[in-house]
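Chemist: Provided herewith is a single structure, encoded as structure tokens, for subsequent inquiry.
Each reported figure results from applying straightforward, stated rules to the coordinates on display, with no laboratory input. Small disclaimer: the values here were computed from a predicted structure and weren't measured. Cβ placement follows ideal geometry from the backbone for every residue including glycine, while neighbour counts extend to all protein chains displayed.
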Amino acid sequence: MTALLEVENLVKHFVAGRSVLGRPTAFIKAVDGVSFSVDAGKTLALVGESGCGKSTVSRLVLRLIEPDAGRIRFEGRDLLAFDASELRAFRRDAQIIFQDPYASLNPRMTVGQILTEPLALHDLVPPSGRRDRVEELLRLVGLEPRFARRYPHEFSGGQRQRIAIARALAVEPKLIICDEPVSALDVSIRSQILNLLRDLQDRLGLAYIFVSHDLAVVKHIADRVAVMNLGGIVETAEAEALFASPRHPYSRALLSAIPVPKPRAKRSRIVLQGEMPSALNPPSGCRFHTRCPYVIERCRVEPPPLLADAAGHLTACHRTAELPPPDAVIPADSLSPALERLVAAFSAAAEVPGSSGVDIVAPMPSAGL
């Protein structure tokens, strides 16, 4: 089956310095040879430390910024070859939810105007039916139709993010990029938005690229995970396989940082030594070798290829086969049985006022890396 989105060897370098004649003299290698695919109705999570290139990849995929090299194919078509009219039509199929809902919503427009604008731009609904469509969108994300007359500043952070989700859904997209959509929200509100996204995916068949540095959130929503480090992907696998048995030393360190609500649980916390290298001057060879506890001379001079095993688990590490097995860097489940029962009870009984019953109000553990 052909993937909905295919990205091959994507590259983006930003100019960081110029000579007196205006010639570029320094580059930030934000994205350097990234490849992945996303199937229809599935969620791919891009995870990694701040500055690793996750958000840049998401903007490249939508052509909000133009790549320097590489290929992007959407439904088998070369996205980088689209002219203006084809790119405009592509905007219907792919949307983005930004991190800060307050900054991404026009404060001078009412919610009704915000949701009507994409309908008018793409001529999806005749003027006589747009009010009904706005009410339908608000109900879809758990808000009341009367909210259409209000302005963004009159809502809470969670409600504003619901409005941003409704705006993305207005054009009936096939792919939505979620660029850290819950990192600006309170912990209890995060789980409500995450479960809303999962419910919408099940109902509408949406594909997500979920950008996050919070691995507890990723574990809750992703089907497949790609771990990024300094502009490149170092490991890609099904979410269950990656959390159960991470293979790259960088992935193991990230997973070991997830807080677990079990005070007496025995864990092997991996603390990386040294500072994260700069994307202005990344290390030669494996870009993780300056902080890797298993580094050998080959790692310093030869970049490791991203290779897959029989199960489709891809790892970019020269020593994958030699490394010791992961020492329970993360429990099989980050919630205790008692807490699981509490979450289930809240899920069944609790409902946010004014919503449509798609929320879970139990807080999730958070890992800010």
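Chemist: Against the longest alpha carbon principal axis of the chain, how many degrees, from 0 to 90 and to the nearest 10, is the axis of helix 111-121 turned?
Modeler: So the inclination is approximately 80 degrees.
Chemist: Related question: Average projected area of the Cα convex hull of the stretch 112-162, in nm²?
Modeler: Approximately 3.4 nm², given one-decimal rounding.
Chemist: To the nearest 10 degrees, how steep is helix 130-140 against the longest Cα principal axis of the chain, on a 0 to 90 scale?
Modeler: For 130-140 against the chain, the angle is about 50 degrees.
Chemist: Rounded to two decimals, what is the ratio between the C-alpha radius of gyration of the stretch 1-103 and 2.2 N^0.38 Å?
Modeler: 1.19
Chemist: Related question: Dipole magnitude of the chain about its Cα centre, charges +1 at Lys/Arg Cβ and -1 at Asp/Glu Cβ only, in debye to the nearest 20?
Modeler: Value, rounded to 20: 660 debye.
Chemist: For a label point 7 Å from the Cα of A310 along Cα→C-beta, name the residues of the stretch 215-249 whose backbone N is under 14 Å from it.
Modeler: In the stretch 215-249, the label zone of A310 (backbone N under 14 Å from the point 7 Å along Cα→Cβ) covers no residue.
Chemist: Along each principal axis of its Cα atoms, how long is the chain end to end? Whole angstroms, biggest number first, please.
Modeler: That gives 68, 62, 44 Å along the principal axes, largest extent first.
Chemist: With N set to the residue count of the stretch 154-229, report its C-alpha Rg divided by 2.2 N^0.38 Å to two decimal places.
Modeler: For the stretch 154-229, the normalised Cα radius of gyration comes out at 1.07.
Chemist: Cα-Cα over 25 Å: which of K42/K262; K219/K262; K54/K174?
Modeler: Over 25 Å Cα-Cα: K42/K262.
Chemist: Looking at the chain only, what percent of DSSP beta bridges run antiparallel? Nearest 5 please.
Modeler: Counting only bridges with both partners in the chain, antiparallel ones make up about 60 percent.
Chemist: Name the residue, out of L196, L124, L115, whose mean-square fluctuation peaks in a Gaussian network model built on the chain with Cα pairs under 10 Å.
Modeler: L124
Chemist: Taking the chain as the reference, fit the longest principal axis to its C-alpha atoms, fit the long axis of helix 84-93 to the helix C-alpha atoms, and give the angle between the two in degrees, 0 to 90, nearest 10.
Modeler: 80
Chemist: Counting other beta carbons within 10 Å of each Cβ, put R224, R23, R133 in order, fewest first.
Modeler: Final ranking by Cβ density, sparse to dense: R23, R133, R224.
Chemist: Going Cα to Cα from K12, which aspartates and glutamates come in below 19 Å? Please leave out same-chain ones fewer than 8 positions away.
Modeler: Counting by Cα, and skipping residues close in sequence, K12 has these aspartates and glutamates nearby: D32, E49, E66, D68, D78, D179.
Chemist: Test of understanding: in a Gaussian network model of the chain with alpha carbons linked when under 10 Å, which of V57, V271, V47 would top the mean-square fluctuation ranking?
Modeler: Looking only at V57, V271, V47, the largest GNM fluctuation is found for V271.
Chemist: Please pull out the direction-averaged projected area of the stretch 165-314, using the convex hull of its alpha-carbon atoms, in nm² to one decimal place.
Modeler: 11.6
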